[in-house]
Amino acid sequence: MFDLDNTLYPPAMRLFDQIEEKMTAYVSRALGVSRENADRLRTSFWEQYGTTLAGLMREHDVDPHDYLIAVHDISFDALSPDPHLAELIAELPGRKIVYTNGSAPYAAQVLAARGLEAAFDAIYGVEHADFAPKPERAAFERVFARDGLVPTEAAMFEDEPRNLAAPHQMGLRTVHVAPEPAPADHIHHHTDDLAAFLRRLI
């Protein structure tokens with residue numbers, strides 16, 4: 001199981017910067033606050049609820065479908081294909097799936113831009129967890145049930161350390177993919193180079 005943003009493409013590509021701008025604009029528009037206040041709210045919602053969307057839904061009854069369409073209306077020009085990574089993922093044993101706090105249609109666009117779509121068997125977005133976000137355990141349970149994933153036979157690759165806590169508790173092997181390590185009991189491995197890590201596994 002692979003996270004999407006800043007995991008299946010390098011953070012240096014800065015795709016998520018566009019989404020953060022869109023999220024701030026959406027919060028400003030939906031709540032009628034300044035962009036400065038909207039930016040603070042966006043960060044506060046992420047810290048408290050796991051995603052900006054979760055905070056907007058719980059505190060302001062925002063329509064998640066409208067939000068997801070708006071914040072993912074971005075350019076994918078910053079992404080470049082990575083055929084070597086695609087080959088490595090395809091060579092891994094078992095099913096390969098993507099699970100993101102973004103939407104599945106957005107994830108499909110990212111995978112297409114990276115040339116990774118053929119390497120994966122399924123894509124799950126926040127909508128498949130009934131809009132409950134990672135790091136909530138219930139979100140993982142819903143996605144795992146949909147996929148038929150057996151936690152003790154799986155591994156998760158993710159850039160956000162807190163999103164690995166529930167998978168670890170459920171029995172998955174956890175791999176933190178980020179420039180800097182985040183030492184924690186719920187992280188089994190860290191890598192700053194996903195392709196190199198997968199090459200060692202294979």
Fill in: Only one of 175, 143 that is outside any loop (DSSP other than H, G, I, E, B), at pLDDT 95 or above, in contact with a helix residue (DSSP H, G or I) (Cβ under 6 Å, 6 or more places away or on another chain) and surrounded by 18 or more Cβ atoms within 10 Å (Cβ to Cβ)
143
Worksheet item: So which of 58, 42 ends up being without any contact (Cβ under 8 Å) to a residue 60 or more places away in the chain and buried (at least 16 other Cβ atoms within 10 Å of the Cβ)?
Response: 42
Discussion item. Cβ contacts < 8 Å: first residue modelled with pLDDT of 95 or more and assigned to a loop (DSSP other than H, G, I, E, B), restricted to the range 178-201; second residue acidic (Asp, Glu) and open to solvent by less than 70 Å² (accessible area, probe 1.4 Å), any location; separation 6+ or different chain. Result?
Written reply: 178/159
Worksheet item: In the range 119-126, is there at least one residue being under 21 Å from residue 48 (Cα atoms) and open to solvent by 10 Å² or more (accessible area, probe 1.4 Å)?
Response: no
Worksheet item: Residues in the range 89-101: is at least one among the hydroxyl-bearing types (Ser, Thr, Tyr) and open to solvent by 20 Å² or more (accessible area, probe 1.4 Å)?
Response: no
Worksheet item: Only one of (1) open to solvent by less than 10 Å² (accessible area, probe 1.4 Å); (2) of a type in the set (Gly, Ala, Ser); (3) part of a loop (DSSP other than H, G, I, E, B) fails for residue 78. Which number is that?
Response: (1)
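The values are calculated or read from the model by the stated rules, or taken from the named source; none is laboratory data. This one's a predicted model, so the numbers in the text were calculated from it and none came from an experiment. Note that each Cβ is placed from the backbone with ideal geometry, even for glycine, and that neighbours are counted across all protein chains shown. With ligands, DNA and RNA removed, areas are computed over all heavy atoms of the protein, side chains included. Shrake-Rupley method; radii C 1.70, N 1.55, O 1.52, S 1.80 Å.
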